Structure formats: structure tokens, C-alpha cells
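In what follows, a single structure is set out as C-alpha cells and then discussed.
Read-outs throughout are calculated quantities, based only on the coordinates presented, and are distinct from any laboratory measurement. Just so it is clear, the model here is predicted, and its values are computed rather than measured. FYI the Cβ positions are ideal-geometry reconstructions off the backbone, even for glycines, and counts take in every protein chain you see.
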Amino acid sequence: MPSEPAVTIPAPDADLCLAFANTRYWRGSSAPTEELLTPDDLLRWVGTAARLPTALTGRFEGSDHLLADGLALREAIYRCFATTAHGGEPAVADLDALNAALTEGPERRRVHRGGWEAWPSETTAAALLAPMLWSAADLLAGGQLARVRQCANPQCGWLFLDSSKGGNRRWCSMSACGNRAKAHRHYLRQKEK
Ligand SMILES: [Zn+2]
């Protein structure tokens, strides 16, 4: 039995891994926006988005390579789903990175209402990012993969899970990218006249 006490890690939302990938956005522009600039940014984001208790995230403070390794995993997750969203197969290297991190991170030992009991004994990025990795694995292996889309605004690059009834959502949000695209089409039509 591992020495650290068990903690309950809330079961991740299906699209948590996509939210994680979207912490870098405007990926198609010349100056993408990066939300996670420091290890603290990463710990705070995980605490909020994955609802990890501070008693757990606190164990990772000062851990070496946390940000660099965490961002490398995020990029592997991003590439996997940006590829499948366009009908492709994830690169072997990205799948290998995901599988290695899943093996290194805590196991989902016991389920109970609202979460998984786990014994994270390491303070590596793979351990911290367990909920995002579980979400990525479940999404990649499950029936919702065909619903993963990338925003039709090529500058935006947001990934999202299309839960619309018709399965034909194209934009990360109508207010952010959809209206901009509509306005741009309108502008082009006016120019053609
Ligand atoms: Zn967008």
C-alpha cells in the first residue's frame, strides 16, 4: 500500500482535456495567448478546472519541471484531438506520451459517488494532471470522439465537444468566432458588389 493517504479526485468532465488544451489559444495567429506562464498558474488552473483539493495541489509546489512537463503533455493532448477533429489518427509519439503519463500517474483505484480514490505518491506533472489524462483517455477511446471539433476560425484553434442536437456546431462560441466570421463574409459580399 502506498505511503501517501488516499485522496478523492473528482471524476473529470468529458471535455476537461479540451479545456486544458485551450489554455493556449489563438493558436492559428502569429501571437497565441498562453494562460499558463508559471507553475502557480498551472496549479491554480488544475485546482479550479479539475477541482483538485488544495491539500493535494499543495504537494506539487516547488516540484521540478512541473510546468515544462505539464505543457508538453498539454500539447500532446492538443495535437491528438486537433488531428482526430479533422479525421486523422493521432501521431504515435503523442499516443505514447499520453500512455506513459497515464502509467506514471495515479491509478483510479476505487470509485464512489463523485470521484475516484487515488494514492498520488509522486509530484510529477503526470500525477498532477491525472484528471486531464483520464478525460483524454476516455474521450479518445469512447463514442464521443466523433463529436470533438476544432473551431472553424483558423486563427482560433479552440477544441470543443459538440453537444448540439444536429452535431453541426462549427464555432467555439457564436459570440467570439461565429459572429466575427459572419461579419467577415458580409464584408466580402459587400466588396464583391
Ligand atoms: Zn473560435
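Quick check: residue separation of ASN168 and ALA55 times 0.36 nm, minus the Cα distance between them. What number comes out in nm? Could the numbers behind the result be given before it?
Working: separation 113, 0.36 × 113 = 40.68 nm, distance 4.13 nm.
Roughly 36.5 nm would be gained on extension.
Between ALA146 and ASP13, the C-beta separation translates, for a Förster distance of 25 Å, into a calculated FRET efficiency of about 0.90. Quick one: among ARG109, ARG79, ARG169, which has the greatest mean-square fluctuation in a GNM of the chain with alpha-carbon springs under 10 angstrom? The residue with the greatest mean-square fluctuation here is ARG109. Between the Cα long axis of helix 179-192 and the first principal axis of the chain there is an angle of about 20°, rounded to the nearest 10.
May I ask you to list the GluC sites (Glu not before Pro) in segment 1-97 that are in a DSSP loop and have at most 14 other Cβ atoms within 10 Å of their Cβ? Mind dumping the intermediate values first?
Details: sites: GLU34, GLU35, GLU61, GLU75; in loops: GLU35, GLU61.
Here the sparse-neighbourhood loop sites are GLU35, GLU61.
Calculated mean residue ellipticity at 222 nm for the chain: -13000 deg cm²/dmol, from DSSP H runs with n ≥ 4 weighted as -39500 (n - 2.57), summed, divided by the residue count and rounded to 500.
May I ask you to give the average projected area over all directions of the convex hull of the Cα atoms of the chain, in nm² rounded to one decimal?
Values: hull surface 52.0 nm².
So the mean shadow area of the Cα hull is 13.0 nm².
Averaging Cα coordinates gives a centre for segment 17-47 and one for segment 52-91; these two points are 10 Å apart.
As a rough footprinting exposure proxy, the listed residues VAL46, VAL7, VAL111, VAL92 were ranked by other beta carbons within 10 Å of their own, and the order from fewest upward is VAL92, VAL111, VAL7, VAL46.
For the chain, the longest principal axis of the alpha carbon atoms and the long axis of helix 92-104 meet at an angle near 30°.
Of ARG149, ARG170, how do they rank once you tally other Cβ atoms within 10 Å and put the fewest first?
Listing ARG149, ARG170 from fewest to most nearby Cβ atoms yields ARG170, ARG149.
Helix 66-84 and the long axis of the chain differ in direction by around 50°, with both axes built from C-alpha atoms.
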